[in-house]
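Structure record follows, encoded as structure tokens.
The values are calculated or read from the model by the stated rules, or taken from the named source; none is laboratory data. It should be emphasised that the depicted structure is a prediction, and the values quoted were computed from it without experimental measurement. Cβ coordinates were reconstructed from backbone atoms using ideal geometry, including for glycine residues, and neighbour counts include every protein chain displayed. With ligands, DNA and RNA removed, areas are computed over all heavy atoms of the protein, side chains included. Shrake-Rupley method; radii C 1.70, N 1.55, O 1.52, S 1.80 Å.
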Amino acid sequence: MAIELPKLPYGENELAPVISKETIEFHYDKHHRAYVANINNLIKGGDLESLSLEEIIKRAEGGVFNNAAQVWNHTFYWESLKPGGSKPTAAIEKLLAQNFGSLDAFKEKFSDAAVKTFGSGWAWLIKEGAEKLSILSTSNADMPLKHGKKALLTFDVWEHAYYIDYRNRRPDYVKALWGIINWANVEKRFST
Ligand code: MN3
């Protein structure tokens, strides 16, 4: 079965001014779409063609892994965001406080991991156990599922995610993202 580009869960202009319509036009309509086209070309006629995206990610290496993972990572990123943002649910705020000291301390540690990710990559909040969370930084397309870990939240820190709106100011982009987080989806991921 072909891998499909999931529909963006909001309008292309709805994350503005944190993420502009122009950034979405490149990041979703060109970059994310290209990863989908690439993976479909790469698996065509091969053993991986009948597998789900998650199974391809677990089994593949090299270019096949890179493109499959980038399809998954971007879908997960779009679903981590919400026009206008939200407040963390009580359950998530309690977990963040237990693991990192407070919501603000968590944001500081996560932001630090995102800003300090060298070159292109991703920052992740990971569910390690029933009450245990951790923060992970990955390079290029690498991602938690490949390492058997469950992701709850991600920030894309490839330059294509912020260069139109923030130029080289990655810290400003990371700071602004906190205003458009979909915390209900973070909780849903934690509890399923
Ligand atoms: Mn990206």
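Miscellaneous remarks
- Taking the DSSP beta bridges with both ends in the stretch 61-154, the antiparallel portion is around 100 percent.
- Largest first, the three principal axis extents of the alpha carbons in the stretch 90-191 are 38, 28, 21 Å in whole numbers.
- Span from the the stretch 71-102 Cα centroid across to the the stretch 124-192 one, whole angstrom: 8 Å
- Structure-based [θ]222 nm, the chain - -39500 (n - 2.57) summed over DSSP H runs of at least 4, per residue, nearest 500: -13500 deg cm²/dmol
- GNM flexibility winner over the chain from Tyr163, Tyr35, Tyr173 (Cα, springs under 10 Å): Tyr163
- Using alpha-carbon coordinates, inclination of helix 103-116 to the longest axis of the chain, degrees: 40 degrees
- Choice from Gly46, Gly121, Gly11 with maximal GNM fluctuation in the chain (Cα, 10 Å cutoff): Gly46
- Relative contact order of the stretch 1-127, taken over Cα pairs closer than 8 Å and 6 or more residues apart, is 23 percent.
- Long-range HN-HN contacts of Leu81 with modeled amide H, under 5 Å: Asn182
- Accessible carbon and sulfur surface of the stretch 138-192 relative to its total accessible area, %, 1.4 Å: 50 percent
- Share of carbon and sulfur in the accessible heavy-atom surface of the stretch 21-79 [1.4 Å probe, %]: 48 percent
- The chain: angle of helix 90-100 to the longest principal axis, Cα-based, in degrees nearest 10: 90 degrees
- Cα long-axis angle, helix 62-80 against the chain (0 to 90 degrees, to the nearest 10): 40 degrees
- Over the stretch 29-76, volume per residue of the alpha carbon convex hull, in Å³: 65 Å³
- Once Rg and the Kirkwood radius are both taken over the C-alpha atoms of the stretch 17-105, their ratio Rg/Rh works out to 1.12.
- 3J(HN,Hα) couplings calculated from phi for the stretch 127-138 with the Karplus curve 6.51 cos²θ - 1.76 cosθ + 1.60 (θ = phi - 60°) are, in sequence order, 8, 8, x, 4, 10, 10, 10, 8, 10, 9, 10, 10 Hz; Gly and Pro show x.
- Accessible area of the chain divided out per residue, in Å², using a probe of 1.4 angstrom: 49 Å²
- The GluC sites (Glu not before Pro) of the stretch 19-61 meeting both criteria, a DSSP state outside H, G, I, E and B (loop) and at most 14 other C-beta atoms within 10 angstrom of the site's C-beta, are Glu49, Glu61.
- Equivalent ellipsoid dimensions for the chain as semi-axes, Å, which come from the Cα gyration tensor, largest first: 26, 20, 15
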